[in-house]
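K.L.:
Next up is a structure, given as structure tokens.
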Amino acid sequence: MKLVSLVLVAGVALASPLPRADAAPDVATLGSARATAAAKAYATALTQWAAGKGALEDVGVWSTRWVAALIDVSPRRAPQAFTDHLARMVDLEASVKQHFQAGVSGPYDVDVAAYYRTEAELWHARGTM
């Protein structure tokens, strides 16, 4: 009888999920971490581009990833995310034009900046990517 009781107790113990000390973060936490990482990568890419050490394309890519991550976390924040992205791309295009006039950037950067600004305007206007 003791063996049967021991087997039943062991079976119940094994069937019960045990809390893990290293439990994975929930989806909301991961989404927020993703948005934060994208914001940091954007800032780094912008700083590196401004210092002549990075590609302009990286700045646009990371701003796009940032807006996508924010919307993924909270779709109701989409209008503000699109507004913020558009402002970043307008500012970027203005900086690129200044760099071009100073002979620091070439026509390719001007075209890339215009593309990202136009894309941001489109997303802002239609309210979706």
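K.L.:
Which of the residues spanning the range 100-126 are over 15 Å from Gly60 (Cβ atoms) and of a type in the set (S, T, N, Q)?
P.N.:
Gln101
K.L.:
Quick one: which residue in Thr83, Thr44 is among the hydroxyl-bearing types (Ser, Thr, Tyr) and over 18 Å from His124 (Cα atoms)?
P.N.:
Working: Thr83 fails: over 18 Å from His124 (Cα atoms).
Among Thr83, Thr44, only Thr44 is among the hydroxyl-bearing types (Ser, Thr, Tyr) and over 18 Å from His124 (Cα atoms).
K.L.:
Something else now. Determine which member of the set Thr44, Thr83, Thr64, Thr36 is crowded, with 18+ Cβ neighbours inside 10 Å and among the polar types (S, T, N, Q).
P.N.:
Of Thr44, Thr83, Thr64, Thr36, the one residue that is crowded, with 18+ Cβ neighbours inside 10 Å and among the polar types (S, T, N, Q) is Thr64.
K.L.:
Let me ask something else. Give me the pairs, please: first residue somewhere in the range 39-51 and under 17 Å from Val67 (Cβ atoms), second residue anywhere and surrounded by 14 or more Cβ atoms within 10 Å (Cβ to Cβ) and polar (S, T, N, Q), beta-carbon distance under 7 Å, and either six or more positions apart or on two chains.
P.N.:
Going by the 7 Å Cβ cut-off, the qualifying pairs are Tyr42/Ser63.
K.L.:
Give me the pairs: first residue in the range 101-124 and exposed (fewer than 15 other Cβ atoms within 10 Å of the Cβ), second residue of a type in the set (D, E, K, R) and part of a helix (DSSP H, G or I), beta-carbon distance under 8 Å, and six or more apart or on different chains, which are they?
P.N.:
That search, which allows pairs on different chains as well, returns Ala114/Glu93.
Every number in this text was worked out from the coordinates using simple rules, so none of it is lab data. This one's a predicted model, so the numbers in the text were calculated from it and none came from an experiment. Counting neighbours? That spans all protein chains shown, and the Cβs are built from the backbone with ideal geometry, glycine included.
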